[in-house]
Amino acid sequence: MVEVKVTFVGLIQRVVGCREETIPLPEEGTLGGLIQELVARYGRELEERLLENGDLAAQATVLINGDNALSRGGLAAKLTDGSRSQVEIVLLGPPLMGG
């Protein structure tokens, strides 16, 4: 088992109702598996905000041990660096339009 410390930043805190949580995952856990677990806990709204067409949504930034998840393989990124991984999920609001 791998313990993943998840920190929620920005608008995502409103969806989940907390700032931090530790999630146990199988030894070969991936970011996609972590997001599936989070969706099971927090519901469809979380999925709609984090995922878009089967990949990470443009307004969601996910960091794994400080690295952008996209540079580590996106949803396929392994979360087994050491006995503990840290994932930070940042959800930005919709872009402001103005004139």
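The values are calculated or read from the model by the stated rules, or taken from the named source; none is laboratory data. In this text, all values refer to a predicted model and were calculated from it rather than measured experimentally. Heads up, the Cβs are rebuilt from the backbone with ideal geometry, glycines too, and the neighbour counts pull from every protein chain shown.
Of note:
- Hits in the range 17-58 - residues which are under 14 Å from Glu88 (Cα atoms) and either over 11 Å from the mean Cα position of the chain (by Cα) or of a type in the set (D, E, K, R) (or both): Cys18, Arg19, Glu20, Glu21, Thr22, Ile23
- Being of a type outside the set (S, T, N, Q), at pLDDT 90 or above, surrounded by 13 or more Cβ atoms within 10 Å (Cβ to Cβ) and not in a strand (DSSP E or B) is a condition met by at least one residue of the range 75-96.
- Residues within the range 21-54 that are without any contact (Cβ under 8 Å) to a residue 40 or more places away in the chain, surrounded by 12 or more Cβ atoms within 10 Å (Cβ to Cβ) and not in a helix (DSSP H, G or I), tallied: 5
- Any chance Val62 is in a strand (DSSP E or B) and either modelled with pLDDT under 90 or basic (Lys, Arg) (or both): no
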